[in-house]
Amino acid sequence: MLKINLKTEQKAYPVYLGRGMIDKIGSVISEYLPACSMLVISDRNVSPYYGNRCLESLRRAGFKPSLEVLAGGEKDKSLTAASVLYTRALQEGLDRHSAIVALGGGVTGDLAGFVAATYLRGVPFVQVPTTLLAMVDSSIGGKVAVNHPLGKNLIGAFYQPELVVSDLDTLNTLPIREFNAGLAELIKYGVIWDKKLFERLESFSKKASSRGLFLDVDNPWLLKCIARAVLIKGKIVCRDEREKNLRRILNFGHTYGHALEAASGYTYYLHGEAVACGMVMAARLAVLLKILDQASELRIRDLLTQLKPPPPLQGLKRDTIVEALYFDKKKESGELNFVLPTTLGRVEMYQAPPSRFVEQVIEEYQRGELL
């Protein structure tokens with residue numbers, strides 16, 4: 001088991017990484033929270049595997065947990081779903097000394113964290129991510145939010161968890177598509193910060209496993225790669241908790257990616273898939289702007305293509321994607337902001353690129369020329 005300590009202006013907290021963590025989650029949490037009532041939030045995909053095991057471990061440690069199971073998927077990240085959870089918390093008598101536990105992927109973590117940040121003006125919460133994407137990205141750093149029909153994560157807060165507990169054994173029940181979505185976020189860290197990580201993943205991509213994954217659950221390097229991603233994100237978040245400057249580089253691929261998600265009604269792409277497409281599109285935009293060489297763009301594209309993201313959604317109009325771009329929360333003074341690579345391991349913020357280039361990339365993507 002690894003323990004990585006993070007410290008932001010708001011809070012210091014640990015991230016645990018290991019195997020067999022679900023069955024000892026109660027004893028781990030008891031080191032940081034007193035015995036109290038808890039609302040465990042999960043979804044229909046995760047709960048059958050880990051819901052009861054988590055509750056039993058919490059009870060053994062003296063907690064009084066109840067479980068709320070949601071349908072799962074991006075449509076759960078809504079004020080409607082948050083209202084359901086507020087009602088359940090009130091019915092269970094949760095007070096300011098109670099806690100909320102997010103047991104699931106990024107959607108569950110974002111929603112549960114948002115509810116924790118706003119219920120009774122803030123109660124403690126614990127992240128227990130069960131997807132690769134959540135382990136390497138969304139469970140770290142305290143960004144919690146719900147979606148709005150006009151855009152993704154537009155209603156939210158910065159609210160750090162008490163701790164994060166990642167059990168790599170939960171990845172054994174993760175569908176290949178979900179696992180690949182998480183690998184996209186690992187690749188992101190290689191592009192924005194760590195060229196050696198990118199090259200390591202690139203070397204794995206030449207040796208696909210029997211399941212077609214280039215970094216399988218049983219690969220001992222998986223834990224090392226997850227830990228490296230947590231360390232990178234932790235370093236960035238600790239220097240810029242509220243995304244005023246450095247933290248914005250974590251949005252590489254997200255400007256185009258969020259627009260694809262919103263334009264398709266959050267039903268076509270997994271988040272990591274949309275980000276994978278967005279990273280390919282951002283790299284192409286960087287080439288058009290002459291800030292990235294074509295050889296590096298092709299390396300980024302080739303590695304992300306290994307993840308088999310879905311093809312462009314047929315019938316989705318360019319103007320619909322462009323409209324969704326302008327509801328992006330990262331725009332400033334009405335101008336779009338993109339995180340663009342300048343070389344492998346380094347990116348920069350680029351404000352207001354020419355619209356003809358932005359739209360050309362969308363058109364190339366829609367024609368299937370980029371993936």
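Laid out as a table, the results:
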item: Residue check, A181 outside any helix (DSSP H, G or I), closer than 17 Å to G272 by Cα, of a type in the set (G, A, S) and under 15 Å from the mean Cα position of the chain (by Cα); result: no
item: Test set (1) in contact (Cβ under 8 Å) with a residue 12 or more places away in the chain; (2) under 17 Å from R367 (Cβ atoms); (3) surrounded by 16 or more Cβ atoms within 10 Å (Cβ to Cβ) - L344 fails condition number; result: (2)
item: D319 being of a type in the set (D, E), modelled with pLDDT of 90 or more and not in a strand (DSSP E or B); result: yes
item: Filter result for G104 (modelled with pLDDT under 95, closer than 30 Å to H258 by Cβ and not basic (K, R)); result: no
item: Residues satisfying the stated conditions in region 98-118, i.e. free of Cβ contacts under 8 Å to residues at least 60 places away in the same chain and surrounded by 21 or more Cβ atoms within 10 Å (Cβ to Cβ); result: G109, D110, G113, F114, A116
item: Odd one out for A12, checked against (1) under 25 Å from E178 (Cα atoms); (2) without any contact (Cβ under 8 Å) to a residue 12 or more places away in the chain; result: (1)
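Conditions tested, residue by residue: (1) crowded, with 19+ Cβ neighbours inside 10 Å; (2) modelled with pLDDT of 95 or more; (3) closer than 16 Å to P310 by Cβ; (4) out of contact with any Cys (no Cβ under 9 Å at 6 or more places or on another chain).
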{"residue": "L215", "(1), (2), (3), (4)": "yes, no, no, no"}
{"residue": "C238", "(1), (2), (3), (4)": "no, no, no, yes"}
{"residue": "G253", "(1), (2), (3), (4)": "yes, yes, yes, no"}
{"residue": "L260", "(1), (2), (3), (4)": "yes, yes, yes, no"}
{"residue": "V275", "(1), (2), (3), (4)": "yes, yes, yes, yes"}
{"residue": "V280", "(1), (2), (3), (4)": "yes, yes, yes, yes"}
{"residue": "L285", "(1), (2), (3), (4)": "yes, yes, no, yes"}
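The values are calculated or read from the model by the stated rules, or taken from the named source; none is laboratory data. These numbers were taken from a predicted model, which means no experiment stands behind them. Backbone-built Cβ (ideal geometry, glycine too); neighbour counts: all protein chains shown.
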